[in-house]
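As C-alpha cells, the structure follows; a few thoughts come after it.
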Amino acid sequence: MRRGVAARLAFAVVVIVTLLLATGCGNGGTLNVAGKPVITSVAFPAQIVADGTNNAGMMGFSDSDGDVALVEFTSGGVPTGNFNPGVAGQTTGSIDFVYHASSNGFYSIQVTLRDNKGNSSAPYTFSFTATVPPPTIAYRVTAGQLYSEFEANEVAGDLKYKGKLIAVAGYVESIDSSFGISVVLVGSPGDWSGVRCYFDSEEQSVANLRKGDYVTIVGKCSGMLMFNVGLDHCRVE
C-alpha cells in the first residue's frame with residue numbers, strides 16, 4: 001500500500017473514533033463528554049401493578065465533575081417528578097429511584113440527569129406495562145346460603161355482604177331483559193327466590209345460559225331487593 005493512501009486511512013480512523021467518543025453510544029450514551037453527566041443503564045421491572053405502589057429501579061451513571069444534582073423524569077414531554085440523588089462527589093456509580101402507575105397501560109419514561117453547572121445528560125428511555133389487579137372476591141357462597149342469611153337477618157346480611165364483591169353459585173331460574181339484563185340464581189331448581197344478578201351489558205356469556213344451568217356469577221352485593229338478594233356489575237365466572 002502506498003504511504004499516502006495509508007496516511008489517509010489512518011486519518012479517517014482517527015476521525016471516526018473521535019466522533020464516537022463525542023457522541024457516546026447506547027440508549028443515552030455511556031461516555032462522559034465535556035463534563036456532562038451520562039446515564040449508562042437503567043434497570044426497572046417490565047411489568048408492574050397499576051395500584052399506585054412505588055416500584056424500585058436503579059440507574060448507572062458517570063460524570064467527570066462529580067456534581068450530579070438532579071434526576072428528572074418525563075412522560076410524553078410532561079414532567080412527572082424529580083429528586084436530588086445525593087451522589088455529590090461521585091464520578092461513577094448507581095442511583096436508586098422509584099416509579100409507579102395508577103392506571104392500565106404501556107408507559108415510556110425519559111429520565112435525565114442535571115449537574116450543578118446546568119449541564120444535562122442525554123435522556124435515557126425505559127418502559128414498562130402496568131396492569132390493574134382484579135378485585136378480590138370477599139366471599140364464595142351458594143345462592144341458597146346467601147338468600148337464607150338475608151332472610152334470617154337482613155341487617156346482619158348487609159353488614160357481612162353489602163358492598164363487597166362475592167361469587168355466588170346456583171341454578172339459573174330466569175334470564176330477563178325487562179329492566180336491564182339480569183339472571184336469577186336459586187339454591188335448588190324450582191325455588192322462586194334467590195339472588196338476582198344484574199349485568200351492565202348484554203354479554204355473550206349471559207346469552208349462552210339456559211334455565212337449570214348451574215353456574216357461578218361474580219358481582220357486588222347490593223342487599224335485599226324485594227324477593228331476592230341483589231348483585232350489581234356482574235360477570236359469569
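Any read-out appearing in this document is the output of simple, stated calculations on the displayed coordinates, not a laboratory observation. Quantities reported herein were computed from a predicted structural model and do not represent experimental measurements. Because the Cβ atoms are built from the backbone with ideal geometry, glycine has one as well, and the counts that use them run over all protein chains shown.
Miscellaneous remarks
- Only lysine pairs 8 or more places apart or on separate chains count here, and in the chain those with Cα atoms under 20 Å apart total 4.
- Given charges at beta-carbon only (K, R positive; D, E negative), |dipole| of the chain in Debye: 1300 debye
- Whether segment 132-185 is rounded, prolate or oblate, judged on the alpha carbon gyration tensor where a/c under 1.5 counts as rounded: oblate
- Relative intensity, log₁₀ I(q)/I(0), of the chain from a Debye sum that treats every alpha carbon as a point, q = 0.07, 0.09, 0.16 Å⁻¹: -0.50, -0.62, -1.00
- Alpha-carbon Rg/Rh ratio, for segment 29-169, with Rh computed the Kirkwood way: 1.33
- Counted over segment 139-236 with a bin width of 10 Å, the fraction of Cα pairs per bin, in whole percents, is 18, 57, 24, 2.
- In sequence order, segment 228-237 has phi-based couplings of 9, 7, x, 10, 10, 6, 8, 8, 7, 6 Hz under the Karplus curve 6.51 cos²θ - 1.76 cosθ + 1.60, θ = phi - 60°, and Gly or Pro positions carry x.
- Comparing Thr92, Phe61, Phe128 along the charge dipole axis of segment 26-131, the residue lying farthest to the positive side is Phe128, per the Cβ-charge model.
- Sites Ser102 and Asp176, calculated FRET efficiency, Cβ-Cβ separation with R0 22 Å, nearest 0.05: 0.05
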